[in-house]
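Working notes, beginning with the structure itself.
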Amino acid sequence: MLQLTPISFRLWQTDKQAFAKALGASFTETGFAIISDHTIPKPVIDAAQSSSEDFFAQDVTIKDRYADAQGGHQRGYSPFKSENAKGRTESDLKEFWHTGRSLPDDSPYRAVMKDTPKVAELPEFNAATRALYAALDTFGTEVLKGVALYLDMEEDWFTPHVNFGNSILRLLHYPPQKTAPPKGSVRAGAHEDINLITLLLGAEEAGLQAKHKSGVWLDINAPEGAVVVNCGDMLQRLTGGILPSTTHRVLNPSPERAKFPRYSAPFFLHPNNDFMIKALPQCLERGGVAEAPITAQDYLQERLIEIGLLKPA
């Protein structure tokens with residue numbers, strides 16, 4: 001039976017090359033990895049989870065005050081059924097919140113990166129989500145050091161290219177279902193992520209699956225104290241496909257679990273907007289295939305249109 005073996009983050013602290021090799025092998029095989037013994041503080045995770053539940057429990061008229069459809073819902077609230085997987089017309093059965101990066105007042109990236117709205121009704125929500133954003137941003141940058149070593153680069157190669165990236169913390173809520181859904185139906189359609197890597201803390205309810213290159217769907221469940229990390233399309237393009245962006249989905253629950261909500265908190269780590277996504281020479285030497293170079297911002301805009309969050313110009 002195919003399954004992911006967790007990689008302890010303690011290995012990174014004692015043998016960086018061994019950690020990088022294990023991480024790269026997992027990514028190469030499945031596009032996913034489970035990293036145990038992560039350093040994200042549990043009180044930070046718990047506070048964000050509690051605040052997330054409080055926000056989604058608010059009346060929809062309150063939540064809608066924080067929606068920005070014109071901006072592609074890249075900050076603030078996205079209503080139920082506002083997003084679909086690429087190539088699908090059916091909307092996903094979820095609502096979500098986006099917290100973005102805090103930028104200096106004089107940052108040139110402000111032209112395309114808005115501030116995250118503050119929820120007046122829940123002041124603790126703002127601090128809690130910002131703390132989780134910072135913790136995941138720091139941890140994700142460390143994981144990228146392992147990726148860099150696997151790709152035969154200096155471990156800090158990614159760091160100056162992601163320090164002002166348009167990374168997003170997404171707080172997801174899949175509401176309870178009054179009528180049990182058909183077996184095998186989905187809450188979130190099969191899709192790939194846009195960014196470099198995604199970090200996902202364990203969800204209380206199961207359902208996440210990744211499609212192995214053999215065609216088999218793998219159940220992805222992070223144990224307590226672990227984080228799921230997967231490659232996004234930007235990393236796939238940068239590595240010429242050596243590190244694949246794997247299709248994944250969220251299944252609807254079993255009938256007995258349908259009455260329970262599902263919460264999760266993926267962190268989408270993006271490079272800086274002006275970063276040029278161009279296949280690395282060493283990846284082409286390993287058999288990778290180059291695609292046309294494109295900036296991170298242009299690529300993001302293309303994909304937001306494909307998944308229905310932005311309308312074509």
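The values are calculated or read from the model by the stated rules, or taken from the named source; none is laboratory data. Just so it is clear, the structure is predicted and the values come from calculations on it, not from any experiment. What goes into the accessible areas is simple: the full protein's heavy atoms, side chains included, and nothing from ligands, DNA or RNA. Shrake-Rupley method; radii C 1.70, N 1.55, O 1.52, S 1.80 Å.
Suppose we keep just the DSSP beta bridges with both residues in the chain; what percent of those would be antiparallel, to 5?
Details: 40 of 43 bridges.
If I count the DSSP bridges inside the chain, around 95 percent turn out antiparallel.
Expressed as a rounded percentage, what relative contact order does the chain have, with Cα pairs under 8 Å and six or more residues apart?
22 percent.
Could you give the length gained on full extension between Ile305 and Asp64, defined as 0.36 nm per residue of separation minus the Cα-Cα distance, in nm?
Once the chain is fully extended between Ile305 and Asp64, it gains 84.6 nm.
Fully extended, how many nm does the chain gain between Gln17 and Thr247 (0.36 nm per residue separation, minus their Cα-Cα distance)?
Net length gain for the segment: 80.0 nm.
In whole percent, and with a 1.4 Å probe on the protein chains, what portion of the accessible area of segment 12-59 is carbon and sulfur?
53
Considering only Cα-Cα distances, which of the following residue pairs are longer than 25 Å: Lys42/Lys211; Lys94/Lys278; Lys145/Lys278; Lys63/Lys211; Lys21/Lys211; Lys42/Lys145? Numbers along the way, then the final one.
Numbers: Lys42/Lys211 30 Å; Lys94/Lys278 33 Å; Lys145/Lys278 19 Å; Lys63/Lys211 34 Å; Lys21/Lys211 22 Å; Lys42/Lys145 23 Å.
With Cα atoms farther than 25 Å apart: Lys42/Lys211; Lys94/Lys278; Lys63/Lys211.
Extension gain Arg10-Thr39, at 0.36 nm per residue separation less the Cα-Cα distance, in nm?
Length difference between fully extended and current span is 9.5 nm.
If you build a Gaussian network model of the chain, linking Cα atoms that sit under 10 Å apart, which residue out of Asn195, Asn230, Asn272 swings the most?
Residue with maximal mean-square fluctuation among Asn195, Asn230, Asn272: Asn272.
Pull up all non-local amide H partners of Glu291: gap of 5 or more, or a different chain, and H-to-H distance under 5 Å with H placed in the peptide plane.
HN-HN under 5 Å from Glu291: Ala279.
Once every DSSP H run of n ≥ 4 in the chain is given -39500 (n - 2.57) and the sum is divided by its residues, what mean residue ellipticity at 222 nm do you get, rounded to the nearest 500 deg cm²/dmol?
Counting only the DSSP helices, I get -9000 deg cm²/dmol.
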